[in-house]
1. State whether one or more residues within the stretch 17-29 are surrounded by fewer than 18 Cβ atoms within 10 Å (Cβ to Cβ) and closer than 19 Å to Ser119 by Cα.
2. Exactly one of these conditions fails for Asn42: (1) assigned to a loop (DSSP other than H, G, I, E, B); (2) open to solvent by 60 Å² or more (accessible area, probe 1.4 Å). Give me its number.
3. Which residue out of Asn116, Asn107 is closer than 15 Å to Cys36 by Cα and modelled with pLDDT under 95?
4. Looking for something at pLDDT 95 or above, acidic (Asp, Glu) and part of a helix (DSSP H, G or I) - is there at least one such residue anywhere in the stretch 141-151?
5. Looking only at residues that are in a loop (DSSP other than H, G, I, E, B) and open to solvent by 60 Å² or more (accessible area, probe 1.4 Å) in the stretch 113-133, which one is farthest from Leu149 (Cα to Cα)?
6. On the given criteria, is Lys80 part of a loop (DSSP other than H, G, I, E, B), out of contact with any His (no Cβ under 9 Å at 6 or more places or on another chain) and not hydroxyl-bearing (Ser, Thr, Tyr)?
7. Go through the stretch 83-106 and give me each residue that's open to solvent by less than 30 Å² (accessible area, probe 1.4 Å), of a type in the set (A, V, I, L, M, F, W, C) and in a helix (DSSP H, G or I).
8. Which pairs turn up if I take residues in the stretch 46-71 that are touching a residue at least 24 places away in the same chain (Cβ under 8 Å) and look for partners that are part of a helix (DSSP H, G or I) and of a type in the set (A, V, I, L, M) with beta carbon separation below 7 Å, at least 6 apart in sequence or on another chain?
Amino acid sequence: MRGHNREPNIGTDDEKLVYLSYLNELLPKQSNELNCFALMPNHTHEEFDIKDKIAFSNLMRDHHSRYGMFFNRKHNRRGKVAYQRPKTCLIEDNEYSMRATFYIHANPVRAGITKNASSYRWSTHRLYALGKREAFMIHVKFPKWYMDLGSTWEERRRKYRRLFDAYLRESGLISQRFLYNNFYGNSNWTMDHTETIAQWRKSKSKSPPQ
């Protein structure tokens, strides 16, 4: 949910708390699971395990609509709070889910907001790395790849920290475009899904029979 002209639309602590409180009110009403997030001053990144696509679409609409009304009331303004619909990206498997999570958690570091991801409150990195679950993370559920990192919570956190640090050294400070695409996975998987979508769009664009 990126603000118009990249202007802050979730810039203050109280705005971030309201954004997350609305999300936490809606999540228990459906089967989709929130895995991680990072809230930035003018956009958010969120990763979900989607089990019901229609329910997920409704979640996005209801959540952002409620937040938009709050933001407009607070700032005595009208109109859209985000300049377009949320961009969604289908992730192939656990390996790419892990890298997407690293990318999301590295956002505050990459943006120069903090030098240490663990010191940024508005991200689930501290939950993954240190086990610090704040009240607004109550409905965050760990993905399978994280649970597979070890047999104990401390083992999982320690392994996660090592992997995240390695990611930062490798490419964490480099802006990447993969989350702005429709699919994130290996080349063959991504190509197959992209071609499928292209064919579906082409079929939809044909004129109906007379």
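1. yes
2. (2)
3. Numbers: Asn116 fails: closer than 15 Å to Cys36 by Cα.
Only one candidate passes the filter, namely Asn107.
4. Initially, the stretch 141-151 is screened for residues at pLDDT 95 or above, giving 141-151.
This time we only want the ones that are acidic (Asp, Glu), so: 148.
Remaining after also requiring part of a helix (DSSP H, G or I): none.
No, the stretch 141-151 has no match at all.
5. The first filter runs over the stretch 113-133 and keeps only residues in a loop (DSSP other than H, G, I, E, B), leaving 113-116, 120-122, 124, 131-133.
Filter once more, keeping what is open to solvent by 60 Å² or more (accessible area, probe 1.4 Å): 113, 115-116, 121, 132-133.
Details: Ile113: 29, Lys115: 25, Asn116: 22, Arg121: 24, Lys132: 18, Arg133: 19 Å.
Restricting to residues being in a loop (DSSP other than H, G, I, E, B) and open to solvent by 60 Å² or more (accessible area, probe 1.4 Å), the top hit is Ile113.
6. Working: part of a loop (DSSP other than H, G, I, E, B): yes; out of contact with any His (no Cβ under 9 Å at 6 or more places or on another chain): no; not hydroxyl-bearing (Ser, Thr, Tyr): yes.
Here the answer is no, as Lys80 does not meet what is asked.
7. Narrowing the stretch 83-106 to residues open to solvent by less than 30 Å² (accessible area, probe 1.4 Å): 97, 100-106.
Going one step further and asking which of them are of a type in the set (A, V, I, L, M, F, W, C), we end up with 100, 102, 104, 106.
Answer for the stretch 83-106, where residues must be open to solvent by less than 30 Å² (accessible area, probe 1.4 Å), of a type in the set (A, V, I, L, M, F, W, C) and in a helix (DSSP H, G or I): Ala100, Phe102, Ile104.
8. Listed by first residue and then by second, the contacts come to Glu47/Ala100; Glu47/Ile104; Leu59/Leu26; Asp62/Leu26; His63/Leu23; His63/Leu26; Tyr67/Val18; Phe70/Val18.
The values are calculated or read from the model by the stated rules, or taken from the named source; none is laboratory data. From a predicted model like this one, the values you see are computed outputs, not experimental measurements. We place every Cβ from the backbone using ideal geometry, glycine too, and count neighbours over all the protein chains shown. Calculation scope for accessible area: heavy atoms of the full protein, side chains included, ligands and nucleic acids excluded. Shrake-Rupley method; radii C 1.70, N 1.55, O 1.52, S 1.80 Å.
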